[in-house]
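Nothing in this text is a laboratory measurement; each read-out follows from the coordinates by a stated rule. In this text the structure is predicted, and so the values were computed from the model without any measurement. When we count neighbours, we look across all protein chains shown, and the Cβ atoms used for this are built from the backbone with ideal geometry, even at glycine.
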Amino acid sequence: MHIDQEIDTRGLNCPLPILKAKKALTAMESGQILKVVSTDTGSVRDFAAFAKQTGNELLSQTTEGNDFVHVLKRR
């Protein structure tokens, strides 16, 4: 999968990972892919809700060690 932009939100807690992702997505073009790496355990739930509310597509959510990796496609 081609990632157009990646942001590292490790160490940040809700709502900062979502806010940073929202800002990044706003600057991206439709169809581009954003990868967000977070250490916030609540981010799994938060990104699922965020995608549903904004219409951006949540392509995947994985756990890599202590990191939660969210991949979103810009609507």
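Brief remarks on what is shown
- Looking only at residues of the stretch 42-70 that are among the small types (Gly, Ala, Ser) and not in a loop (DSSP other than H, G, I, E, B), we find that the one that is nearest to residue 20 (Cα to Cα) is 43.
- Residues that are closer than 14 Å to residue 61 by Cβ and assigned to a loop (DSSP other than H, G, I, E, B), drawn from the stretch 1-38: 1
- Exactly one residue out of 7, 33 is over 16 Å from residue 68 (Cα atoms), surrounded by 14 or more Cβ atoms within 10 Å (Cβ to Cβ), under 12 Å from the mean Cα position of the chain (by Cα) and not acidic (Asp, Glu), and it is 33.
- Taking the stretch 36-56 as the range and being surrounded by fewer than 18 Cβ atoms within 10 Å (Cβ to Cβ) and either touching a residue at least 40 places away in the same chain (Cβ under 8 Å) or within 10 Å of the chain's Cα centre (by Cα) (or both) as the test, the residues that pass are 37, 44, 48.
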